[in-house]
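Novice: This is the structure I have questions about; it appears just below.
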Amino acid sequence: MPDWDTDQLAGVAQSTAESAEYVAVRFQRVRTAVHSRRDHEPQADLDHDDIGIGVRVLRDGCWGYAATDDLSPAAVASTAHQALQLAQAARPTVMTPVTLAPENVHVGEWTSTYSQDPFDLSARERADFLSWGCDQLLSADAVDHSEGHVMAVREDTRYADSAGTRTTQRRIRVHAEFTGLSVRGGTFDTLRTLAPPTARGWEYLTGPHSHDWADELAQLPDHLRAKVSAPSVTPGTYTLVLHPSNLWLTIHESVGHATELDRIRGYEANYAGTSFVADSEVGTLRYGSPAMSVRADRVEPDGLATVGWDDEGVAAQDWALIDDGVLVGVQLDRAMAATVGQRSNGCAYADSAEHVPLQRMPNVSLQPDPDGGSLDDLIAGVDDGILVVGDGSWSIDMQRYNFQFTGQRFERIRSGRRVGPLRDVAYQGSTPGFWGSLAAVGGPQTYVLGGAVNCGKGQPGQVAPVSHGCPAAVFEDVNVLNSAQEAV
């Protein structure tokens, strides 16, 4: 961990802003390495270190926030004074004063699960992994070009507030993907690896406990060859079997964002949109079929949103969002929680010291059926359908209601059997209609923890890592478009 005298600097900030009801000091260092490669040529080799201190105050029901990259006591005092001035300046504009839901005092340290810090490796060693993966693809006849990308992040945060909470935590996450490109016969097509980002160390990429990259890279050229020569889908209504590598993104966009209380109340309307969900519908809204149960958490092992405490000093927890198809919960930070008389469920996060904490998405996961079958079992129950694997492009409206998703590859299902690849598949739906068509979910053996490292929200914009676990699932009577025809 960085050698910061947290207590001293927090004391400086709190004494400067002692007239505030709440003072929080967040020391944050985020180191990010990004390497990319195209065929045999390196494209990017970046290693960025962002370090600073943010001071947040609540005075007379108004927020003030300021930050600095100067870690001296004098600079922290000046920053706290600026935050206090901003809170005072905001007072005439605030119609409803902010209050914070109570939270116990916490003191402790927490570290995400990893065995090899990516930053213990040289840039060359990290880039060598890309070279290996791209070369594996280029050695196959079906691949004309290859691309590779790897990112590693180490995030150190120390938090101290005027209530006495003092926490220290470290989070590490990695993400890698390889893409094979085919350019032949007048057809251009691509296919990506499916390994999701994860809150693990470099051991996820290489070594005895890594993802099986060799196997996935060995299979990708055959899948790409099949995709290039596959027939184009006939538009119509189908039963879809969605692999977890595709379904995680649908969960993110249609469930994760739609159940953020600040979005429901219009706080994000100017930029990220609102939600079709209303405050009054929590506890009554039929979100999906009885097969749909969704939990939110900040505790799942290897989850990208998993923490010890959030950026308001709230301890990590898990809770139900949807039970048997009915919306029963939402996502809350301390200010939103106070308005509904609940405890915050720990959804505050800032991606750097420069930025103020926002209400951000936790891990949001569709639960498997404890007695559910395998992917093949689900397919066996489908008479006329399509298997969708991997995530592709997506579009959803500002209320998280109407949407369209594609995928990486597709297989036709007839009479319970896969009968060959397809291409140009896009599926449409409305959130409650689509989830209402959920007919079956797979068992725990089909569950995969997917996710993204770049969920965007806020002005100025911030990105947050978040995981979405899900089993394979069957959706009936889904409208499927031919994306190639629609593009004409």
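The values are calculated or read from the model by the stated rules, or taken from the named source; none is laboratory data. Keep in mind that this is a model prediction, so the values were computed, not measured. All Cβ positions, glycine included, derive from the backbone under ideal geometry; neighbour counts span all protein chains shown. To get the accessible areas, we keep the full protein, side chains included, count just its heavy atoms, and leave off ligands, DNA and RNA. Shrake-Rupley method; radii C 1.70, N 1.55, O 1.52, S 1.80 Å.
Novice: Over the range 42-165, what is the mean sequence separation of C-alpha contacts under 8 Å (at least six apart), divided by residue count, expressed as relative contact order in percent? Mind showing how you got there, number by number?
Specialist: On the way: 106 pairs, mean separation 22.8, N = 124.
Dividing the mean separation by the residue count of the range 42-165 yields 18 percent.
Novice: On to the next question. Quick one: putting +1 on the C-beta of Lys and Arg, -1 on the C-beta of Asp and Glu, what dipole do you get for the range 1-111 around its Cα centre, in Debye to the nearest 20? Before the final figure, lay out the partial values.
Specialist: Working: 8 positive and 16 negative charges, 93 e Å.
Taking the Cα centre of the range 1-111 as origin, the dipole is about 440 debye.
Novice: Sticking with this one: Quick check for you: which residues of the range 36-72 have the amide N under 14 Å from the point 7 Å beyond the Cα of D5 toward its beta carbon?
Specialist: 71-72
Novice: Another question about this same structure. Quick one: dipole size for the range 265-416, taken about the Cα centre, charges +1 on Lys/Arg Cβ and -1 on Asp/Glu Cβ, in debye to the nearest 20.
Specialist: Values: 11 positive and 24 negative charges, 72 e Å.
With only Lys, Arg, Asp and Glu charged at Cβ, the dipole is about 340 debye.
Novice: Still on this model: Could you give the length gained by full extension between S139 and T187, i.e. 0.36 nm per residue of separation minus their alpha carbon distance, to one decimal place?
Specialist: Answer, rounded to one decimal: 15.3 nm.
Novice: Using the Kirkwood radius over C-alpha pairs as Rh, can you work out the diffusion coefficient of the chain via Stokes-Einstein at 10 °C, viscosity 1.306 mPa s, in µm² per second?
Specialist: Rounded to a whole number, D works out at 66 µm²/s.
Novice: Let me ask something else. In the range 102-250, what is the volume of the convex hull around the alpha carbon atoms, normalised per residue and reported in Å³?
Specialist: So the per-residue Cα hull volume is 184 Å³.
Novice: Let me ask something else about it. Would you give the gap between the C-alpha center of the range 263-287 and the C-alpha center of the range 167-183, rounded to a whole Å?
Specialist: 31
Novice: For the pair A320/Q485, report the inter-label distance in nm, with labels modelled 7 Å from Cα in the Cβ direction.
Specialist: 4.3
Novice: I would also like to ask the following. Can you tell me the relative contact order of the chain? Whole percent, Cα pairs under 8 Å, sequence separation 6 or more.
Specialist: Details: 1289 pairs, mean separation 77.8, N = 488.
Relative contact order, the chain: 16 percent.
Novice: Kindly provide the Kirkwood hydrodynamic radius of the range 313-357 in Å, to one decimal, from all pairs of distinct alpha carbon atoms. It would help to have the intermediate numbers written out before the result.
Specialist: Numbers: mean 1/r = 0.0846 Å⁻¹.
The Cα-based Kirkwood calculation yields 11.8 Å.
Novice: Alpha carbon centre of the range 50-120 versus the range 17-49: separation in Å?
Specialist: So the separation of the two Cα centres works out to 17 Å.
Novice: Applying 1/(1 + (r/R0)^6) with R0 = 25 Å to the Cβ-Cβ distance of A89 and S19, what FRET efficiency is obtained, to the nearest 0.05?
Specialist: 0.95
Novice: Could you rank K227, K457 by how accessible they are, 1.4 Å probe, largest area first?
Specialist: The ranking, largest first, comes out as K227, K457.
Novice: Another question, if that's okay. Sketch the reach of a paramagnetic label on E476 as a point 7 Å from Cα along Cα-to-Cβ, and name the residues of the range 378-399 whose backbone nitrogen lies under 14 Å away.
Specialist: Label zone hits: 381-385.
Novice: Sorted by accessible area with a 1.4 angstrom probe, largest first, how do S374, S15, S146 fall?
Specialist: Sorted descending by solvent-accessible area, the residues read S15, S374, S146.
Novice: Could you give me D for the range 1-112, from Stokes-Einstein at 10 °C and 1.306 mPa s, where the hydrodynamic radius is the Kirkwood radius over C-alpha pairs? Units µm² s⁻¹, please. Mind showing how you got there, number by number?
Specialist: Details: Rh = 16.3 Å.
My calculation gives 98 µm²/s for D.
Novice: Continuing with this model, one more query. Relative to the Cα centre, what is the charge dipole magnitude of the chain, using +1 at the beta carbon of each Lys and Arg, -1 at the beta carbon of each Asp and Glu, and rounding to the nearest 20 debye?
Specialist: 660
Novice: What whole-number value in Å² describes the accessible area per residue of the range 1-78 for a 1.4 Å probe?
Specialist: Values: 3520 Å² over 78 residues.
Ligands and nucleic acids excluded, the result is 45 Å² per residue.
Novice: Same structure, new question: Shape verdict for the range 432-473, please, from the Cα gyration tensor: rounded (a/c under 1.5), prolate (a/b greater than b/c) or oblate. Display every interim value, and only then the final one.
Specialist: On the way: a/c = 6.87, a/b = 1.79, b/c = 3.83.
Oblate is the answer for the range 432-473, as a/c is 1.5 or above yet b/c matches or exceeds a/b.
Novice: Within the range 195-224, which residues have the backbone N less than 17 Å from the label spot 7 Å out from N454 along Cα→beta-carbon, could you tell me?
Specialist: Hits in the range 195-224 for N454 at 17 Å: 195-198.
Novice: Moving on. Which whole-percent values make up P(r) of the range 343-488 when all C-alpha to C-alpha distances are grouped in 10 Å steps starting at zero?
Specialist: 10, 32, 34, 17, 6, 0
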